[in-house]
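Values quoted throughout were computed directly from the atomic coordinates according to the rules given, and no laboratory measurement underlies them. Remember, it's a predicted structure, so these values are computed and weren't measured experimentally. Methodologically, a virtual Cβ is constructed for each residue, glycine included, from the backbone with ideal geometry; neighbour enumeration extends over all protein chains shown.
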Amino acid sequence: MNRAIQPPASAYFITDEKPSIESRTLSIVVDNEPGVLARVIGLFSGRGYNIESLTVSETDHTKHLSRITIVTKGAKPVIEQLKSQLDRIVPVHRVVDLTQTAVGLGEDGPIERELALVKVAGQGDDRVEALRLADVFRAKVVDSTTDHFVFEITGKTSKIEKFIQIVAPLGLVEVCRTGVAAMSRGKDPMFEG
């Protein structure tokens, strides 16, 4: 008698639920050898997913290990599938979803920082305003002439985007960004090997 109640077979109960899209920061420890980055990136492009940010650098010179940090957006099941497939690539030692790890620890997210070089050209009041804004955002002047500045700014991606948006009307010429470098909070390392 305890049968599950099922909705009637009516088109009125059909929903167009779409999975929610989330931003995730993945950290991948790989052997530092040719072709590894192409294989990792191939998994994303093969499924039609964009990489919002990508950084790569050798982190252990004696063991020849590199760390790839990828920021991407996607539905949770697809991200889980990507992580699983990344784990199966032979030169991959470890895949850590830093966003998921942070949420599990009750944090907003992992520690994330980005560096950008921002070139602003201007004279007179625009030049003074660009210097004032750089001071507010703690950007350093790394090059200057009488008609331009190059600022170096580090911080969260949102801070860098806000700085770029605010200086754009003052004569934004060019922007070069490194991509996100990210790490979990706490004393434990991501990879011990």
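Here the Kirkwood formula puts the hydrodynamic radius of the stretch 98-162 at 13.4 Å, using every distinct Cα pair.
Remark: the GLN165-ASP188 segment gains 4.6 nm on full extension, using 0.36 nm per residue and subtracting the alpha carbon distance. Subtracting the Cα-Cα distance of THR145 and LYS119 from their residue separation scaled by 0.36 nm leaves 8.2 nm. The stretch between HIS93 and LYS73, if pulled fully straight at 0.36 nm per residue, gains 4.9 nm over its current Cα-Cα span. Taking other residues whose beta carbon is less than 14 angstrom from the beta carbon of VAL128, and scoring Lys, Arg as +1 and Asp, Glu as -1, yields -3.
Taking only the C-alpha atoms of the chain, the Rg (one decimal) and the largest Cα-Cα distance, Dmax (whole number), read 22.2, 85 Å. For the residue pairs LYS119/LYS162; LYS76/LYS159; LYS119/LYS159, the alpha carbons lie more than 18 Å apart in LYS76/LYS159.
With only the Cα atoms considered, the stretch 21-104 has a convex hull volume of 89 Å³ per residue. Assuming R0 = 45 Å, what is the FRET efficiency of THR62 and GLU174, from their Cβ-Cβ distance, to the nearest 0.05? Taking R0 as 45 Å, the efficiency between THR62 and GLU174 is 0.75.
Packing-based ranking of 171-181, 23-33, 52-62 yields 23-33, 171-181, 52-62, ordered from highest to lowest mean Cβ neighbour count within 10 Å. Here's how it looks for ASP60: its modeled amide H is under 5 Å from those of LEU65, which are all 5 or more places away or on a different chain. The charge dipole of the chain, taken about the Cα centre with unit charges on the Cβ atoms of Lys, Arg (+1) and Asp, Glu (-1), comes to about 480 debye, rounded to the nearest 20.
For the chain, relative contact order (Cα pairs under 8 Å, six or more residues apart, normalised by length) works out to 23 percent.
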